[in-house]
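One structure is given below, encoded as structure tokens.
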Amino acid sequence: DFKIVTLDAWWNVMSNLVPAGFFEVWNGLGHGGEGETSMCLALFPDLVDVSKAAGVVPTLPPYVDVKWTFDELTNTGASGDPTKATLEKGRKMKEALVDAIVKVLGDLEKNGWDYRSAEVK
């Protein structure tokens, strides 16, 4: 008998784990954007060449989502703004994610992996 617990994609979770205003552009989003590049600087610094950082942020209201292909949006393969990425942001993001996972697993363990609310038990 076992339980499977998954973490949603980091870009769906991160804004709940870091302070408001942590990211400078597009809430850190993007493929190779501020958040992703920051995490890579913290995890794989030898694979990141920030001198080649370039991206693009769509100019749409936050409630509009256009399904686009990368070649429609960018000629660099990146979206968001990787020029705003920093090693320090990446370290803080990694720490926030690890802390969140440890807390969830600890809470589940403490409750015998019973995640139902008290009203349902």
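Could you pull out every one of the lysines with an alpha carbon less than 18 Å from that of K103, ignoring same-chain neighbours closer than 8 positions? K103 reaches K3, K92, K94.
Listed values for segment 107-113 are Karplus-derived 3J(HN,Hα) couplings in whole Hz (6.51 cos²θ - 1.76 cosθ + 1.60, θ = phi - 60°), namely 5, 5, 4, 4, 9, x, 6, and x replaces Gly and Pro.
Annotation: extensible slack from L17 through L43 equals 7.5 nm (criterion: 0.36 nm per residue apart, minus Cα-Cα distance). Note on N111 and E24: the model spin-label points, each 7 Å out from Cα along the C-beta direction, lie 4.0 nm apart. With springs only between Cα atoms under 10 Å, which of L41, L108, L29 fluctuates most in a Gaussian network model of the chain? Its mean-square fluctuation being the largest, the pick is L108.
Residues in segment 82-93 carry Karplus couplings, in order, of x, 5, 8, 6, 9, 4, 4, 4, x, 5, 5, 5 Hz; the curve used is 6.51 cos²θ - 1.76 cosθ + 1.60 with θ = phi - 60°, and Gly or Pro positions show x. For the chain, modelled as a GNM with alpha-carbon contacts under 10 angstrom, which of V102, V57, V25 fluctuates the most? Greatest mean-square fluctuation among the candidates belongs to V102. Computed over segment 10-110, the alpha-carbon pair-distance distribution with 5 angstrom bins reads 2, 13, 21, 22, 16, 12, 7, 4, 2, 0, each value a whole percent. The spacing between segment 86-121 and segment 2-20, judged by their C-alpha centroids, is 9 Å.
Applying a DSSP loop filter and a limit of 16 other Cβ atoms within 10 Å to the chymotrypsin sites (Phe, Trp or Tyr not before Pro) in segment 25-79 leaves Y63, W68. Model label sites at D65 and T83, defined 7 Å from Cα along the beta-carbon direction, differ in position by 2.9 nm. Considering only A9, P58, S117, the residue lying farthest towards the positive end of the dipole of the chain is S117, judged by Cα position with unit charges set on Cβ. With the charge dipole of the chain set up from +1 on Lys and Arg Cβ and -1 on Asp and Glu Cβ about the Cα centre, the Cα lying farthest toward the positive end among the listed residues W26, T69, S79 is that of W26.
Basic side chains Lys and Arg get +1 at the Cβ, acidic Asp and Glu get -1 at the Cβ, and with that the dipole of segment 77-121 about its Cα centre reaches some 120 debye.
In this label model, K121 and I101 are separated by 2.7 nm, measuring between points 7 Å along each Cα→Cβ vector. Once the Cα-Cα distance is subtracted from the 0.36 nm per residue extended length, the F2 to R91 segment shows a gain of 28.9 nm. The charge dipole of the chain, taken about the Cα centre with unit charges on the Cβ atoms of Lys, Arg (+1) and Asp, Glu (-1), comes to about 220 debye, rounded to the nearest 20.
Taken together, the values in this text are just the output of simple stated rules run on the coordinates, not laboratory data. These numbers come from a predicted model, not from an experiment. All Cβ positions, even for glycine, are placed from backbone atoms using ideal geometry, and neighbour counts span all protein chains on display.
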